[in-house]
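The values are calculated or read from the model by the stated rules, or taken from the named source; none is laboratory data. For clarity, every value in this text was computed on a predicted model and none was experimentally measured. Positions of Cβ are generated from backbone atoms using ideal geometry, with glycine treated the same way; all protein chains shown enter the neighbour counts.
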Amino acid sequence: MTSLLRLSPGELDETLTALGAPRYRADQVLQGLYRRGLDSLDAITQLPGELRDRMREGGLALESPAVLREVASDDGETTKALLALPGGATVETVLMQYPQADRHPRSTVCVSTQAGCAMGCVFCATGQMGFERNIPAEDIVAQVLHFQRLLAPRSEHVTNVVFMGMGEPLANYDETIRAVRLLTDPRAFGLAQRAVTVSTVGIPRAIDRLAGEDLQVGLAISLHAPDDALRRRLVPTARPNSVRELLEAGRRYFRATGRRVSIEYALIEGVNDAPEQAHALGRLLRGAGMHVNLIPLNPTAGPFAAPSRHRVRDFRRILTEAGVNATVRIEKGAEIAAACGQLRTDSDAASAAGSAEAPAQG
Ligand code: SF4
């Protein structure tokens, strides 16, 4: 079976034409999927029943994720869902809302691209799970549509998507790109390309490939260390790629796309938060035009803890004085991990969400 959420509008045109349907039927399907949030083929009642039958016989399907658990933060601005995806994987997906004056809130969905992760970052529960499977594009899109359905009754909508959930998006490259194209195609989900960010722990070859896709998506590189020795300890799979190679790939991405690259740096007490490390990071990034997001690690994550506030402040000040733009990521209610590099075990995530249990997230 092929999910309707997998097909680009052009592929859907071809598929329905091959089934003998006129072209406008594809637009009706696309509106049903992406505007009206319909979650089964039978719900697309604009289509004649016999066409729906032919579509099913032709191997087309539309299934929705099953919601195994959903938890919201106390302020209601962050919601985590544990979804059993039609393709068989179970992943966690997060909605983060940011109130805006006189406007609907910015509503960002953080999607997972893999169940588990092969990158093995030592401070990440997802990494410790090991790799289970890649998530196909339709199931990445389904995560966004899940939250779109949640928001629609409030006349709100998903405004941004970040590929920062479980897994390394560039290690599931083709499905990630297919999902990005579906989410940004004006005939499909229709987000602006600039509203999408792909986060990677660092595969320079894949970053170069992404730069050649003619997409305007943002790129976030999870660096976590200013030197190779420490980075190889924290991100063991980074071994073949040096920090400099990774940053060079980031510069090439900026030159090719004009999109500023952000550097994600999970601050871990006593590991990568020392003033000398801030100075080293400042020297490395000075003049690179990259923005640093400092993410104090959730203190409940394994043997690692977040630095004190003043240590975080000092780290940022040193970067700023070195001419490097840096912000401390606002943790939504001190709870839900949004970035690659933040980890959650089941119980950590539960307490983080200020509610019942929740699963791991990278
Ligand atoms: S931090 Fe991201 S890349 Fe690293 S193991 Fe976790 S999910 Fe994978």
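Considering the range 96-111 alone, what residues qualify as being in contact (Cβ under 8 Å) with a residue 60 or more places away in the chain and either part of a loop (DSSP other than H, G, I, E, B) or in contact with a helix residue (DSSP H, G or I) (Cβ under 8 Å, 6 or more places away or on another chain) (or both)?
M96, V111
Quick check: is even one residue across the range 191-207 assigned to a loop (DSSP other than H, G, I, E, B), under 15 Å from V162 (Cα atoms) and away from the ligand (no atom under 16 Å from the Cβ)? I'd like the intermediate steps shown before the answer.
Taking the range 191-207 and keeping what is assigned to a loop (DSSP other than H, G, I, E, B), we get 191-192, 201-203.
With under 15 Å from V162 (Cα atoms) added as a condition, the list becomes 191-192, 201.
Remaining after also requiring away from the ligand (no atom under 16 Å from the Cβ): 191-192.
Checking the range 191-207: at least one residue is assigned to a loop (DSSP other than H, G, I, E, B), under 15 Å from V162 (Cα atoms) and away from the ligand (no atom under 16 Å from the Cβ).
Within the range 72-89, identify whether any single residue is more than 30 Å from M166 (Cβ to Cβ) and either crowded, with 18+ Cβ neighbours inside 10 Å or among the hydrophobic types (A, V, I, L, M, F, W, C) (or both), and answer yes or no. Steps first, answer last, please.
Going through the range 72-89, the residues more than 30 Å from M166 (Cβ to Cβ) turn out to be none.
Scanning the range 72-89, I find no residue that is more than 30 Å from M166 (Cβ to Cβ) and either crowded, with 18+ Cβ neighbours inside 10 Å or among the hydrophobic types (A, V, I, L, M, F, W, C) (or both), so the answer is no.
Would you say A211 is in contact with a Phe, Trp or Tyr (Cβ under 7 Å, 6 or more places away or on another chain) and surrounded by 16 or more Cβ atoms within 10 Å (Cβ to Cβ)? Working first, answer last.
Details: in contact with a Phe, Trp or Tyr (Cβ under 7 Å, 6 or more places away or on another chain): yes; surrounded by 16 or more Cβ atoms within 10 Å (Cβ to Cβ): yes.
The answer is yes for A211.
Among the residues of the range 34-59, how many are in contact with a helix residue (DSSP H, G or I) (Cβ under 6 Å, 6 or more places away or on another chain) and under 27 Å from G88 (Cα atoms)?
5
Would you be able to say whether some residue in the range 147-157 is under 14 Å from the mean Cα position of the chain (by Cα), within 15 Å of the ligand (Cβ to nearest atom) and crowded, with 23+ Cβ neighbours inside 10 Å?
Residues of the range 147-157 that are under 14 Å from the mean Cα position of the chain (by Cα), as a first pass: 147.
Subset that is within 15 Å of the ligand (Cβ to nearest atom): none.
No, every residue in the range 147-157 fails to be under 14 Å from the mean Cα position of the chain (by Cα), within 15 Å of the ligand (Cβ to nearest atom) and crowded, with 23+ Cβ neighbours inside 10 Å.
Inside the range 214-309, counting only strands (runs of 3 or more DSSP E) that do not spill past its ends, which hold 2 or more residues that are of a type outside the set (K, R) and more than 16 Å from the ligand (Cβ to nearest atom)? Please lay out each step first, then the result.
Numbers: elements: 218-222, 261-267, 291-296.
Here the list reads 291-296.
Show the residue pairs meeting these rules: Cβ distance below 6 Å; 6+ apart or different chains; first residue within the range 223-244 and at negative phi and crowded, with 17+ Cβ neighbours inside 10 Å; second residue basic (K, R) and assigned to a loop (DSSP other than H, G, I, E, B).
R232/R239
So is G120 part of a loop (DSSP other than H, G, I, E, B), assigned by TED's automatic domain parsing to the domain that holds P296 and either away from the ligand (no atom under 14 Å from the Cβ) or among the hydrophobic types (A, V, I, L, M, F, W, C) (or both) or not? Show your work before the answer.
Working: part of a loop (DSSP other than H, G, I, E, B): yes; assigned by TED's automatic domain parsing to the domain that holds P296: yes; either away from the ligand (no atom under 14 Å from the Cβ) or among the hydrophobic types (A, V, I, L, M, F, W, C) (or both): no.
The answer is no for G120.
Answer with yes or no whether L183 is closer than 26 Å to T159 by Cβ and assigned to a loop (DSSP other than H, G, I, E, B). Write out each step before concluding.
Working: closer than 26 Å to T159 by Cβ: yes; assigned to a loop (DSSP other than H, G, I, E, B): no.
In short, no.
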